[in-house]
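Worksheet: the structure to be examined is printed underneath.
The values are calculated or read from the model by the stated rules, or taken from the named source; none is laboratory data. Nothing here was measured: the structure is a model prediction, and the numbers come from that model. Because the Cβ atoms are built from the backbone with ideal geometry, glycine has one as well, and the counts that use them run over all protein chains shown. Areas reflect the complete protein model, heavy atoms only, side chains present, ligands, DNA and RNA absent. Shrake-Rupley method; radii C 1.70, N 1.55, O 1.52, S 1.80 Å.
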Amino acid sequence: MIRTYGNPPFEIAVIHGGPGGIGSAGMLAEELQKRCACGVLEPLQSKNSIGALLAELEEQLGGPDVRLPVILIGHSWGAWLAGLFAERHPERVRNLVLVGSGPLRPTGEIDALRRARLTPAEQKEFDGLAGALAGASADQRDVLLKRLGELCEKVDSFHPKTEVSGPESFFDGDMFTKVWSEAAAFRADGGLEKAFSRIRTPITILHGDYDPHPADGVRRVLELYGIPCRFFLLERCGHTPWCEQEAADSFFEILNSELCRSGVPSSGKDGIL
């Protein structure tokens, strides 16, 4: 399934996080369409393995109204998926934009920082939810992942907007459990950083300084392999920049500038969430 914003040609595709956070990039796609003189795609993930998700994305970007090569904007887990796609299909990707990407090497920093930002009761709940996901039924996983996402959103945000609305999103706990298990093992074995080291598509990284995912988790690894990238650290900003009260404007200004560098004309409008 694909959600579309604006009219063809579609030159930008926004890849949501999770895994299993289906539709979570809808607000970003909606806002970008207001600012860009082209259509924006939001491919919705439905498969339970990395290989199947990459094949699905290839099909989603193969429609007649898509102008290849596209600009891929991936958020969180979606940054990894977008990067893996760009490595596999360089002819289909004009530019790769990574927003709030997870690190390419394993680290215990993320959960430790998240737990430090929770109350003792929330820490206990956080640990219980994480442990219960693997053994839960498919229906239970959706509920557990939703609550785990709420706790992560609380500690991953610096100063979130209090009133936001956008396209519907929902959690797929079964997808999260299966894809994340595979993705974590792939990263631990060094497969993720090796795949990113082979990317030859221009790369832009946008990252919040309050995001518990380490800001240099991608950039430093790319530097080791001699892969150039444009890096922007957003001040007073958490994991989801477009939902931050104090960082959203800066985020979109930078993103608009990067899109213009990639040949996407601005609509001349300043959309406001």
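Structure above, values below:
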quantity	calculated
For the stretch 111-227, radius of gyration divided by Kirkwood radius, i.e. Rg to Rh on alpha-carbons	1.00
The chain - share of DSSP beta bridges that are antiparallel (%, nearest 5)	25
Principal-axis tilt of helix 120-132 within the chain, Cα atoms, nearest 10 degrees	80
Among 195, 112, 86, residue whose mean-square fluctuation peaks in a GNM of the chain (springs only between Cα atoms under 10 Å)	112
Contact order normalised by residue count of the chain, Cα under 8 Å, 6+ apart, percent	24
Rounded to 10°, Cα long-axis angle of helix 138-156 versus longest principal axis of the chain	80
For the stretch 1-129: span of alpha carbons on each principal axis (Å, largest first)	52, 30, 23
Solvent-accessible area per residue, Å², over the stretch 1-150 with all protein chains present [probe radius 1.4 Å]	38
Given charges at beta-carbon only (K, R positive; D, E negative), |dipole| of the stretch 1-76 in Debye	120
Segments 31-39, 247-255, 1-9, 72-80 sorted - mean Cβ within 10 Å per residue, highest first	72-80, 31-39, 247-255, 1-9
Gap separating the Cα centres of the stretch 192-268 and the stretch 143-160, nearest whole Å	22
Antiparallel %, DSSP beta bridges [both residues in the stretch 1-76], to 5	35
For the chain: lysine pairs under 28 Å (alpha-carbon distance), excluding those fewer than 8 apart on one chain	17
Highest-fluctuation residue, 214, 90, 120 considered, GNM on the chain with Cα pairs under 10 Å	120
The chain - charge dipole about Cα centre, Lys and Arg +1 at Cβ, Asp and Glu -1, debye rounded to 20	580
For peptides 170-177, 229-236, 151-158, sequence by mean Cβ density within 10 Å, most packed first	170-177, 151-158, 229-236
